[in-house]
Amino acid sequence: MPKVKTHSRAKKTFTVTGSGAIKRPKAFKSHLLTKKSNKRKRSLRGSSLVSDANINLVKRMLVLR
């Protein structure tokens, strides 16, 4: 049986917490920042958890079972 490889971008992007939840960075903070308000950019700083709809996809990319 061949080995299953981890998705290279996923291992740099997502982190697994101690309780097993998966953290992700917020989107829309990379470019075109002059038109976005300071309040909006401030709220995009932190991280959030992967939603239930996408959790299986991310686990498959990270080869978690």
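Read-outs throughout are calculated quantities, based only on the coordinates presented, and are distinct from any laboratory measurement. Nothing here was measured: the structure is a model prediction, and the numbers come from that model. We place every Cβ from the backbone using ideal geometry, glycine too, and count neighbours over all the protein chains shown.
Structure notes:
- Residues satisfying the stated conditions in the range 26-40, i.e. within 24 Å of residue 50 (Cβ to Cβ) and aliphatic (A, V, I, L, M): 27
- Positions within the range 1-19 being assigned to a loop (DSSP other than H, G, I, E, B), in contact with a Lys or Arg (Cβ under 8 Å, 6 or more places away or on another chain) and surrounded by 10 or more Cβ atoms within 10 Å (Cβ to Cβ), in sequence order: 14
- Looking only at residues of the range 20-33 that are under 30 Å from residue 65 (Cβ atoms) and not aliphatic (A, V, I, L, M), we find that the one that is surrounded by the fewest Cβ atoms within 10 Å (Cβ to Cβ) is 20.
- Failed criterion for residue 36 (all others in (1) among the basic types (Lys, Arg); (2) assigned to a loop (DSSP other than H, G, I, E, B); (3) loosely packed, with under 10 Cβ neighbours inside 10 Å hold): (3)
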